[in-house]
Amino acid sequence: MVKIENLMAMVTDQKVKQTIVVAHAIDPALFLAAEEAMKKRLASFIFVGPTELMKENMGKCSFEIPIDKNVTFVDAKNEKESASTAVQLIREGKGDILMKGMLSSSSLLKAVLNKHNGLRNNQVISHLAGFAIPNREKIFFVTDAAMNIAPTLSEKVQIIQNAVDALHKMGINQPKVAAVAAVETVNPVMQATLDAASLTQMNKRGQIKGCIVDGPLGFDNAISKESALQKGINSEVAGDADIIFVPTIEVGNILYKSLTYFANASVGGMIIGAKAPIILTSRTDSVESKLFSITMALSSSINS
């Protein structure tokens, strides 16, 4: 059972601290999150962006550089240069995690996906979100709510594997993956149920490794044992899912926002499947949320 505190402890226990490279760091909230992360001994930082603007926004939040000086500033004139410079620092091994600052996601991802100078591997890149909900004992994860619009079956396999590999690094050795749909039975006219059944069978035959996949499952019986029992579902995953795998970006996006606004969830998010984790937070995310994302990314990058 993994909680945010477990992930933070895992990262803090590492003797060598990882470095987070922040692209276009001109948002005071970013410096607040970074300061909190350094107070907790989670990471060091490289801030990339227009030097004067960075200093100005540091002043707005009274950001203090630690005594051990585990902070570096790299000048970049604009969003495009900030993104390319930050990606280059990761490629050169000067940083371990890439973090989006105050620039558009498209600008950052364009640099990440550059065929010649980016961070892309020969695999699908996907989004993984973690949710800590009041009165719920463990974090659970949702994929993919932000990157892949309507993935094919082969892309779904890679999205699940990306998430599973990340959770292994976080200490969840055999995560339970619920492939959710509108109904719990296979319906030939509902592609999500057909794919969920295929993914389940592929997992049983070793084509998706290191996890237990079951589907189709409804969201209710994926997270509630009572719901699963009422519907007569006998499954290792039902009621105890670690990962909710959604069939399309619309499903994931709505679920993400519903948990945030209606369930009062603390949420962290990152892009996985590239050469380094990418923290892709929103400008409206709280410091707590940014810290959650930082912790997720750092814990998923241990020993990588």
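Give the residues of region 221-264 whose amide nitrogen is closer than 15 Å to a point set 7 Å from the Cα of residue 150 in the direction of its Cβ.
Answer for this model: 247-252.
Highest mean first, what order results for 17-27, 106-116, 225-235 on Cβ atoms within 10 Å?
17-27, 106-116, 225-235
What full-extension length gain, to one decimal in nm, is calculated for residue 120 and residue 15 as 0.36 nm per residue of separation minus the Cα-Cα distance?
Fully extending the segment from residue 120 to residue 15 adds 35.0 nm.
Using 0.36 nm per residue of separation minus the Cα-Cα distance, give me the extension gain between residue 264 and residue 70 in nm, one decimal.
So the extension gain works out to 66.5 nm.
7 Å from Cα along Cα→Cβ at both residue 236 and residue 53: what's the point-to-point distance in nm?
For the pair residue 236/residue 53, the computed spacing is 5.0 nm.
How much area per residue is accessible in region 124-269 when the probe is 1.4 Å and only protein heavy atoms are counted (Å²)?
On the way: 6450 Å² over 146 residues.
Per-residue accessible area for region 124-269 comes out at 44 Å².
Lys/Arg Cβ at +1, Asp/Glu Cβ at -1, dipole of the chain taken about the Cα centre: which of 232, 43, 268 is farthest positive-ward?
With unit charges placed on the Cβ atoms, the residue in question is 43.
I'd like the antiparallel share, as a percent to the nearest 5, of DSSP beta bridges with both residues in the chain.
Antiparallel bridges: around 30 percent, rounded to the nearest 5.
Which whole-Hz ³J(HN,Hα) couplings does region 91-98 yield from phi under the Karplus relation 6.51 cos²θ - 1.76 cosθ + 1.60, θ = phi - 60°, glycine and proline marked x?
Once θ is set to phi - 60°, the couplings for region 91-98 become 4, 7, x, 7, x, 10, 10, 9 Hz.
Below 8 Å between Cα atoms, with a sequence gap of 6+, how large is the relative contact order for region 91-224 in percent?
17
Could you tell me the distance between the Cα centroids of region 108-125 and region 248-301, to the nearest Å?
Result: 20 Å between the Cα centres.
Under the definition of Cα pairs under 8 Å and six or more residues apart, what whole-number percent is the relative contact order of region 1-142?
Answer for region 1-142 is 28 percent.
Let me check I've understood the local charge: for residue 255, count other residues with C-beta under 13 angstrom from its C-beta, Lys and Arg +1, Asp and Glu -1. What total comes out? Spell out each step's value before the answer.
Values: positive: 257; negative: 144, 220, 250.
Around residue 255, the surrounding residues sum to -2.
Over the chain, what relative contact order in percent results from Cα pairs under 8 Å that are six or more residues apart?
With pairs under 8 Å counted, the relative contact order is 22 percent.
How large is the dipole of the chain about the Cα centre if only Lys and Arg carry +1 and Asp and Glu carry -1, each at its Cβ, rounded to the nearest 20 debye?
The calculated dipole for the chain is roughly 580 debye.
Consider the candidate values (1) 15.4; (2) 17.9; (3) 16.3; state which one is mean projected area of the Cα convex hull in nm² computed from the structure displayed.
Evaluating mean projected area of the Cα convex hull in nm² on these atoms matches (1).
Work out the FRET efficiency for residue 187 and residue 225 from their Cβ-Cβ distance, taking R0 = 30 Å, and round it to the nearest 0.05.
Between residue 187 and residue 225 the formula returns 0.80.
Could you list which residues have their amide H under 5 Å from that of residue 181, counting only those 5 or more apart in sequence or on another chain, with H placed in the peptide plane?
217, 218, 219
For an R0 of 25 angstrom, estimate the FRET efficiency from the Cβ-Cβ distance between residue 40 and residue 282 and round to the nearest 0.05.
The pair residue 40/residue 282 has a calculated efficiency of 0.70.
Counting only protein heavy atoms and a 1.4 Å probe, tell me what percentage of region 72-200's accessible area is made up of carbon and sulfur.
For region 72-200, the apolar C and S fraction of the accessible surface comes to 50 percent.
I need two numbers for region 97-238: Rg to one decimal and Dmax as a whole number, Cα atoms only, in Å.
That works out to 16.6, 53 Å for Rg and Dmax.
Given Cβ point charges of +1 (Lys, Arg) and -1 (Asp, Glu) and nothing else, what value in debye, to the nearest 20, does the dipole of region 139-224 about its Cα centre take? Could the numbers behind the result be given before it?
On the way: 6 positive and 7 negative charges, 63 e Å.
Once rounded to the nearest 20, the dipole reads 300 debye.
Please report, in whole Å, how far the alpha carbons of region 264-303 spread along each principal axis, starting with the longest.
31, 16, 14
For region 24-41 and region 194-213, what is the separation of their Cα centres, given in Å?
40
Return one number: the angle in degrees, 0 to 90 and rounded to the nearest 10, between the long axis of the Cα atoms of helix 153-169 and the longest principal axis of the Cα atoms of the chain.
Roughly 60 degrees between the two axes.
So which GluC sites (Glu not before Pro) in region 12-103 are both in a DSSP loop and have at most 13 other Cβ atoms within 10 Å of their Cβ? Let's see the in-between values first.
Details: sites: 35, 36, 52, 56, 64, 79, 81, 92; in loops: 64, 92.
The qualifying sites are 64, 92.
For the Cα atoms of the chain, what angle does the longest principal axis make with the long axis of helix 191-204, in degrees from 0 to 90, nearest 10?
That works out to roughly 90 degrees.
Share of antiparallel DSSP beta bridges in region 169-287, in percent to the nearest 5?
Among the beta bridges of region 169-287, antiparallel pairing accounts for roughly 20 percent.
Based on Cβ point charges of +1 for Lys and Arg and -1 for Asp and Glu, what charge dipole magnitude is obtained for region 213-304 about its Cα centre, in debye rounded to the nearest 20?
340
Ordered by residue, what ³J(HN,Hα) values in Hz, to whole numbers, does region 240-249 give under the Karplus form 6.51 cos²θ - 1.76 cosθ + 1.60, where θ = phi - 60° and Gly and Pro are x?
Once θ is set to phi - 60°, the couplings for region 240-249 become 9, 5, 8, 10, 9, 9, 9, x, 9, 5 Hz.
The values are calculated or read from the model by the stated rules, or taken from the named source; none is laboratory data. Keep in mind it's a predicted model, so treat the numbers as computed, not measured. Cβ sites come from the backbone with ideal geometry, for glycine too, and all protein chains shown count toward neighbours. Remember, those area values only see protein heavy atoms, side chains included, never the ligands or the DNA or RNA. Shrake-Rupley method; radii C 1.70, N 1.55, O 1.52, S 1.80 Å.
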